[in-house]
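Asks: Sharing a structure here in structure tokens format.
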Amino acid sequence: MSILFLQGSPVEPSRSAALSGFVAAELDRRGVENTRLKLTDLPAHALLHARFGDPQIRAASERVAAASALVIATPVYKAAYSGLLKSFLDLLPQNGLDGKVVLPLATAGSPHHALALDYALRPVLQSMSPALVLPGVHATDSTVAKDEHGNYQLSDDIIDRLLQATDRLVYEYRALLSRRAQQVEPVPFDQVRCSV
Ligand SMILES: Cc1cc2nc3c(=O)[nH]c(=O)nc-3n(C[C@H](O)[C@H](O)[C@H](O)COP(=O)(O)O)c2cc1C
């Protein structure tokens, strides 16, 4: 039970990965266990040919299944999200986000597609039965600038928004774990007495 980061950019270094790196560091600071899955580490032929049974795809899918929460970071590509991310989401089971909390993050060249997380990614995530898709954080490239050492520096505004998003993520994640810990075993249907 931990938080899994999915990195959906096909390039490195990546601005969207810089956003998730910031959230991951915040989770570390707060003692919340988290791990990272770089989608570029998965075999391209398996992604392109929808090889559900590929051992690396299965292992990645199992990591998603084992996580209680996901942080999904993607660049905006053609007014939506990356094809790499879509090709991986396509290989998850229909209810592959069942009961999970999801935080989407995106970077984009311009503010014109600031709603891409909401109109493109959110419906896809929602179709996979998550417990909750949190409000996403969208950042334009000018707010994730490269310094002279090649490292990405986040603007104060983006840092504020990421901190707020992390607060909410940790709150919902802990609430989810606590609900699960208190949950009584469901009574099988055939043992329920109906008095109709
Ligand atoms: C193929 C491609 C398509 C893109 N399409 C858009 C777009 O439609 N809207 C936009 O604002 N930025 C677009 N961009 C810019 C990227 O979203 C932006 O540079 C982003 O920060 C890259 O994130 P990354 O470094 O994590 O890959 C595009 C970039 C590429 C390479």
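The values are calculated or read from the model by the stated rules, or taken from the named source; none is laboratory data. Because the structure is a prediction, the values reported are computed rather than measured. We place every Cβ from the backbone using ideal geometry, glycine too, and count neighbours over all the protein chains shown. For the accessible areas, the whole protein counts, side chains as well, though only heavy atoms, and no ligand, DNA or RNA atoms are used. Shrake-Rupley method; radii C 1.70, N 1.55, O 1.52, S 1.80 Å.
Asks: Taking only segment 79-114 into account, find how many residues are open to solvent by 30 Å² or more (accessible area, probe 1.4 Å) and more than 11 Å from the ligand (Cβ to nearest atom).
Replies: The total comes to 6.
Asks: Assess whether ALA73 counts as being out of contact with any Leu (no Cβ under 8 Å at 6 or more places or on another chain), at negative phi and in contact (Cβ under 8 Å) with a residue 40 or more places away in the chain.
Replies: no
To keep it simple, each residue is scored yes or no on (1) in contact with a Ser or Thr (Cβ under 7 Å, 6 or more places away or on another chain); (2) not small (Gly, Ala, Ser).
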{"residue": "THR74", "(1), (2)": "yes, yes"}
{"residue": "LYS78", "(1), (2)": "no, yes"}
{"residue": "ARG122", "(1), (2)": "no, yes"}
{"residue": "ALA131", "(1), (2)": "no, no"}
{"residue": "HIS149", "(1), (2)": "no, yes"}
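Asks: What's the number of the condition ASP157 fails, among (1) touching a His at 6+ places or on another chain (Cβ under 6 Å); (2) open to solvent by 70 Å² or more (accessible area, probe 1.4 Å)?
Replies: Of everything listed in (1) touching a His at 6+ places or on another chain (Cβ under 6 Å); (2) open to solvent by 70 Å² or more (accessible area, probe 1.4 Å), ASP157 misses just condition (1).
Asks: Okay, moving on. List every residue pair whose Cβ atoms lie under 6 Å apart, where the two residues are 6 or more positions apart in sequence or sit on different chains, the first residue falls within segment 129-149 and is in contact (Cβ under 8 Å) with a residue 24 or more places away in the chain and acidic (Asp, Glu), and the second residue, located anywhere, is open to solvent by 40 Å² or more (accessible area, probe 1.4 Å) and part of a loop (DSSP other than H, G, I, E, B).
Replies: Qualifying pairs under 6 Å: ASP141/GLY109.
Asks: Further question on the same structure: Every residue in segment 68-78 that is open to solvent by 30 Å² or more (accessible area, probe 1.4 Å) and not aromatic (Phe, Trp, Tyr), please.
Replies: LYS78 - this is the single residue of segment 68-78 that is open to solvent by 30 Å² or more (accessible area, probe 1.4 Å) and not aromatic (Phe, Trp, Tyr).
Asks: A further question on this structure: Out of all the residues in segment 116-146, which are modelled with pLDDT of 95 or more, within 14 Å of the ligand (Cβ to nearest atom), of a type outside the set (Gly, Ala, Ser) and open to solvent by 10 Å² or more (accessible area, probe 1.4 Å)?
Replies: Across segment 116-146, the qualifying residues are LEU117, TYR119, HIS138, THR140, ASP141, THR143.
Asks: Quick one: would you say ILE57 is open to solvent by less than 10 Å² (accessible area, probe 1.4 Å), over 23 Å from SER142 (Cα atoms) and β-branched (Val, Ile, Thr)?
Replies: Details: open to solvent by less than 10 Å² (accessible area, probe 1.4 Å): yes; over 23 Å from SER142 (Cα atoms): yes; β-branched (Val, Ile, Thr): yes.
So ILE57 fits the description; yes.
Asks: Please report, ordered by residue number, the strands (runs of 3 or more DSSP E) entirely within segment 1-106 with at least 1 residues that are of a type in the set (D, E, K, R) and in contact with a helix residue (DSSP H, G or I) (Cβ under 9 Å, 6 or more places away or on another chain).
Replies: 34-38
Asks: While we're on this one: Do you know which residues across segment 7-37 are open to solvent by less than 20 Å² (accessible area, probe 1.4 Å), under 22 Å from LEU48 (Cα atoms) and more than 11 Å from the ligand (Cβ to nearest atom)?
Replies: LEU37
Asks: Residue under question is ALA120, and the condition is that it be within 27 Å of LEU154 (Cβ to Cβ) and part of a helix (DSSP H, G or I); does it hold?
Replies: Values: within 27 Å of LEU154 (Cβ to Cβ): yes; part of a helix (DSSP H, G or I): yes.
Yes, satisfied.
Asks: Taking the criterion of being within 22 Å of ILE158 (Cα to Cα) and within 12 Å of the chain's Cα centre (by Cα), would at least one residue in segment 78-97 satisfy it?
Replies: Checked segment 78-97: no residue is within 22 Å of ILE158 (Cα to Cα) and within 12 Å of the chain's Cα centre (by Cα).
Asks: I need the full set of residues from segment 38-65 which are within 16 Å of the ligand (Cβ to nearest atom) and either in contact (Cβ under 8 Å) with a residue 24 or more places away in the chain or in contact with a Leu (Cβ under 6 Å, 6 or more places away or on another chain) (or both), in order please.
Replies: Correct list: LYS38, LEU39, THR40.
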